[in-house]
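Asker: I have a structure I would like to understand better, so I am pasting it below and will then ask my questions one at a time.
The values are calculated or read from the model by the stated rules, or taken from the named source; none is laboratory data. Please read these numbers as outputs of a predicted model, since none were measured by experiment. Cβ: placed from backbone, ideal geometry, glycine included. Neighbour counts: every protein chain shown.
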Amino acid sequence: MKRLLQAPDIALATLWCDCLREAGIEATVERQHLTSVAGQVPPDQCLPEIWLRHEEHLEPARGLIDALQNVPQHRWLCRCGELVEGGFETCWNCGEGMPIDV
């Protein structure tokens, strides 16, 4: 087994691990219950970790995690004149959907 990374919290660790599994990469979340001992153990030692079963999956797994962490963000101008930024696909002002050509 090979450690891939430490995640900032259990939610992201679980999400990333699930994405790896969907891609055919055998992965597990370890240290998922150690946050309860933070303070008695250094906090950086309590973060959840993602481990891979096969070392040859290390590079594809890193590529997938990098893609998940760096999702391109859209910025578009709605027909109502509102500038919509980030991952939003609907205008908060009028409810109009993001144009297909963005």
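Asker: Please find, among GLU30, GLU59, the residue that is of a type in the set (Asp, Glu) and in contact with a strand residue (DSSP E or B) (Cβ under 7 Å, 6 or more places away or on another chain).
Answerer: The match here is GLU30.
Asker: Only one residue in GLU49, GLU30, GLU22 is in contact with a Leu (Cβ under 8 Å, 6 or more places away or on another chain) and modelled with pLDDT of 90 or more. Which one?
Answerer: Selected residue: GLU49, the only one of GLU49, GLU30, GLU22 that is in contact with a Leu (Cβ under 8 Å, 6 or more places away or on another chain) and modelled with pLDDT of 90 or more.
Asker: Six or more apart or on different chains, Cβ atoms under 6 Å: show the pairs whose first residue is in the range 58-72 and in the same structural domain as TRP16 (by TED's automatic domain parsing) and closer than 14 Å to LEU12 by Cβ and whose second is surrounded by 10 or more Cβ atoms within 10 Å (Cβ to Cβ) and of a type in the set (Gly, Ala, Ser).
Answerer: Hits for this filter: LEU64/ALA23.
Asker: Quick one: count up the residues across the range 5-46 that are of a type in the set (Val, Ile, Thr) and assigned to a helix (DSSP H, G or I).
Answerer: Residues that pass the stated criteria total 4.
Asker: Is it true that some residue in the range 23-40 is within 12 Å of the chain's Cα centre (by Cα) and free of Cβ contacts under 8 Å to residues at least 40 places away in the same chain? Before you say what the answer is, go through the steps one by one.
Answerer: Within the range 23-40, the first condition is being within 12 Å of the chain's Cα centre (by Cα), and the residues that meet it are none.
No, the range 23-40 has no match at all.
Asker: Moving to a separate point now. Within the range 73-102, take every residue that is assigned to a loop (DSSP other than H, G, I, E, B) and small (Gly, Ala, Ser) and give me the one that is nearest to ALA11 (Cα to Cα).
Answerer: That would be GLY87.
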